[in-house]
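Participant: Submitted below is the structure of interest, expressed as structure tokens.
The values are calculated or read from the model by the stated rules, or taken from the named source; none is laboratory data. Note that the structure is a prediction, hence the values are computed from the model and not measured. Here Cβ is always computed from backbone atoms with ideal geometry, including for glycine, and neighbour counts include all displayed protein chains. Accessible surface is based on the protein model in full, side chains and every heavy atom, while ligands, DNA and RNA are left aside. Shrake-Rupley method; radii C 1.70, N 1.55, O 1.52, S 1.80 Å.
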Amino acid sequence: GNATLVNKDALYFVSTIYDHNNLYKLENGNIELVFEWPGTIQSFAFEDDTLYFIGADVASLQQLYKVVDGKAVQLSDFNKMEDTYVANPVEVNFGENLTGWVLLPKDYDGTKKYPAILDIHGGPKTVYGKVFYHEMQVWASKGYFVFFCNIHGSDGRGNEFMDIRGKYGTIDYDELMQFTDKVLETYPQIDSSRIGVTGGSYGGFMTQYLQTKTDLFAAAISHAGISDHTSYWGEGYWGYSYSEVSMANEYPWTNKHLFVDQSPLYNADKIHTPLLFVHGTADNNVPVGESIQLYNALKLLGRPTAMVLVKDQDHHIIDYEKRLKWQDTIFAWFAKWLQDDASWWNDMYGTEKM
């Protein structure tokens, strides 16, 4: 979202409430709801008194809208979905007032068993909701259950809920596993021997960390994840400033439990899950060494692993052709380990022993 001064007295801004974005106005010290949208408003502008915004909702990608009489009127038709399977998120409540969602696989048959993928968002100060996530939708169209949630650390529920500083790998791990257990209980159609997990940045760290604590997952993919809090602490353009906040004013020499025991690298010998690392070589947020060092550790331990580095890409893969291959790499790894089909992976990367 963005914020803009419409006149000298009023500031309009987008803010996350639970799992969706609304537009608000700050005027004369008071905050007023201007427009409620059951998805995400990614940008907005005013022309005279008419509000225009780009938004995504439950079952569609971004479109341009204008607000007429308090209702959104769609103006664009860029992303047609008529011939595409779109899974509507089914809400699953778990823990203490926590919320997640499940996407059912294409051609779902309640008498069959399916593989599944847990997706962990980054941040952790970001949020998932009932919005179209195209990679998750592709997984669902390829026959996977997909499930995702907002645990402590997520945005949209105030500072107390968001504050897990100094607690990474504790309450977040417990709640992700509670959610996973709840999804498996709710959907016995999920084959518990074929569950994958993935995430980027903080989600990449948690993907790695989960493998040090449980053997539940049959495959894992970490994109740009932190493997060692002690090295990340002082690395790159983000390391020190991010860690200064996330570690709650602790340092490698003041809290070895937090920096060492809670780092995947120092628990590499506990990882048995086939773990793929993907990372941009020009990542200024999480330096690529965070993937390289845990990959090397798993290779030395003889564990199933692979690493794909995306040349000249930063924390997000934005080059169009490279992003397509990055996505195909993720799809192929899960197909290999969750659907017993290594053909896509072998076509891309050969059959070298990993």
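Participant: Which pairs have Cβ atoms under 9 Å, sit 6 or more apart or on different chains, and link a residue in region 38-49 that is closer than 10 Å to L23 by Cα to one that is of a type in the set (S, T, Y) and exposed (fewer than 14 other Cβ atoms within 10 Å of the Cβ)?
Facilitator: Final answer for the pair search is F44/T4.
Participant: Of all residues in region 298-330, which are farther than 12 Å from A219 by Cβ, hydrophobic (A, V, I, L, M, F, W, C) and not in a loop (DSSP other than H, G, I, E, B)?
Facilitator: Pass one, region 298-330, residues farther than 12 Å from A219 by Cβ: 298-303, 307-329.
Narrowing the set further to residues that are hydrophobic (A, V, I, L, M, F, W, C) leaves 298, 300-301, 307-310, 317-318, 324, 326.
Result: L298, L300, L301, M307, V308, L309, V310, L324, W326.
Participant: Which residues, counting only those in region 18-42, are part of a loop (DSSP other than H, G, I, E, B) and within 21 Å of the chain's Cα centre (by Cα)? Give the steps one after another, and end with the answer.
Facilitator: Filtering region 18-42 down to residues part of a loop (DSSP other than H, G, I, E, B) leaves 18-19, 28-29, 37-39.
Result: Y18, D19, P38, G39.
Participant: Follow-up. Wholly within region 79-183, which strands (runs of 3 or more DSSP E) include no fewer than the required count, namely at least 3 residues that are over 13 Å from the mean Cα position of the chain (by Cα)? Spell out the reasoning first.
Facilitator: Working: elements: 90-94, 98-103, 114-120, 145-150.
The strands (runs of 3 or more DSSP E) meeting that bar are 90-94, 98-103, 114-120.
Participant: Exactly one of these conditions fails for F179: (1) free of Cβ contacts under 8 Å to residues at least 60 places away in the same chain; (2) surrounded by 23 or more Cβ atoms within 10 Å (Cβ to Cβ); (3) farther than 20 Å from G225 by Cα; (4) hydrophobic (A, V, I, L, M, F, W, C). Give me its number.
Facilitator: Result: F179 fails condition (1) only.
Participant: Given the structure, is D119 acidic (D, E), touching a Phe, Trp or Tyr at 6+ places or on another chain (Cβ under 6 Å) and either within 27 Å of D269 (Cβ to Cβ) or at pLDDT 95 or above (or both)? Please lay out each step first, then the result.
Facilitator: Details: acidic (D, E): yes; touching a Phe, Trp or Tyr at 6+ places or on another chain (Cβ under 6 Å): yes; either within 27 Å of D269 (Cβ to Cβ) or at pLDDT 95 or above (or both): yes.
So D119 passes the test.
Participant: Return the total of residues in region 196-234 being aromatic (F, W, Y), in a loop (DSSP other than H, G, I, E, B) and closer than 19 Å to Q178 by Cβ.
Facilitator: 1
Participant: Check whether at least one residue in region 147-165 is surrounded by 23 or more Cβ atoms within 10 Å (Cβ to Cβ) and at positive phi, and report yes or no.
Facilitator: Scanning region 147-165, I find at least one residue that is surrounded by 23 or more Cβ atoms within 10 Å (Cβ to Cβ) and at positive phi, so the answer is yes.
Participant: Filter region 302-325 for residues that are out of contact with any strand residue (DSSP E or B) (no Cβ under 9 Å at 6 or more places or on another chain) and open to solvent by less than 70 Å² (accessible area, probe 1.4 Å) and give the result.
Facilitator: Answer for region 302-325, where residues must be out of contact with any strand residue (DSSP E or B) (no Cβ under 9 Å at 6 or more places or on another chain) and open to solvent by less than 70 Å² (accessible area, probe 1.4 Å): G302, L324.
Participant: Right, N150: closer than 24 Å to Q62 by Cα, touching a residue at least 60 places away in the same chain (Cβ under 8 Å) and polar (S, T, N, Q) or not?
Facilitator: Working: closer than 24 Å to Q62 by Cα: yes; touching a residue at least 60 places away in the same chain (Cβ under 8 Å): yes; polar (S, T, N, Q): yes.
Taking the combined requirement at face value, the residue satisfies it.
Participant: Also, I was wondering about something else. Hey, among the residues in region 65-87 that are touching a Leu at 6+ places or on another chain (Cβ under 8 Å) and within 21 Å of T16 (Cβ to Cβ), which one's surrounded by the most Cβ atoms within 10 Å (Cβ to Cβ)? Steps first, answer last, please.
Facilitator: Kept after step one, since they are touching a Leu at 6+ places or on another chain (Cβ under 8 Å), are these residues of region 65-87: 65-67, 74-76, 78-79, 81, 87.
Next cut, within 21 Å of T16 (Cβ to Cβ) only: 65, 67.
Numbers: Y65: 22, V67: 19.
Going through the qualifying residues, I end up with Y65.
Participant: So which pairs qualify, if the first residue must be in region 201-216 and in contact (Cβ under 8 Å) with a residue 40 or more places away in the chain and within 14 Å of E290 (Cα to Cα), the second must be open to solvent by less than 30 Å² (accessible area, probe 1.4 Å) and among the β-branched types (V, I, T), the Cβ gap must be under 7 Å, and the two must be at least 6 apart or on different chains?
Facilitator: S201/V286; G203/I120; F205/I226; M206/I120; T207/I120; T207/V197; T207/T198; T207/I221
Participant: Does V278 satisfy the criteria of being touching a His at 6+ places or on another chain (Cβ under 7 Å), over 20 Å from T351 (Cβ atoms), among the hydrophobic types (A, V, I, L, M, F, W, C) and surrounded by 17 or more Cβ atoms within 10 Å (Cβ to Cβ)?
Facilitator: Details: touching a His at 6+ places or on another chain (Cβ under 7 Å): yes; over 20 Å from T351 (Cβ atoms): no; among the hydrophobic types (A, V, I, L, M, F, W, C): yes; surrounded by 17 or more Cβ atoms within 10 Å (Cβ to Cβ): yes.
Judged against the criteria, V278 is not a match.
Participant: Considering only residues of region 247-272 that are assigned to a loop (DSSP other than H, G, I, E, B) and touching a helix residue (DSSP H, G or I) at 6+ places or on another chain (Cβ under 6 Å), which is farthest from P124 (Cα to Cα)?
Facilitator: Just the residues of region 247-272 that are assigned to a loop (DSSP other than H, G, I, E, B), to begin with: 247-255, 262-263, 271-272.
The next check asks that each one be touching a helix residue (DSSP H, G or I) at 6+ places or on another chain (Cβ under 6 Å); those that pass are 250, 252, 263, 271.
Working: E250: 18, P252: 21, S263: 16, I271: 23 Å.
If we take residues in region 247-272 being assigned to a loop (DSSP other than H, G, I, E, B) and touching a helix residue (DSSP H, G or I) at 6+ places or on another chain (Cβ under 6 Å), then I271 is farthest from P124 (Cα to Cα).
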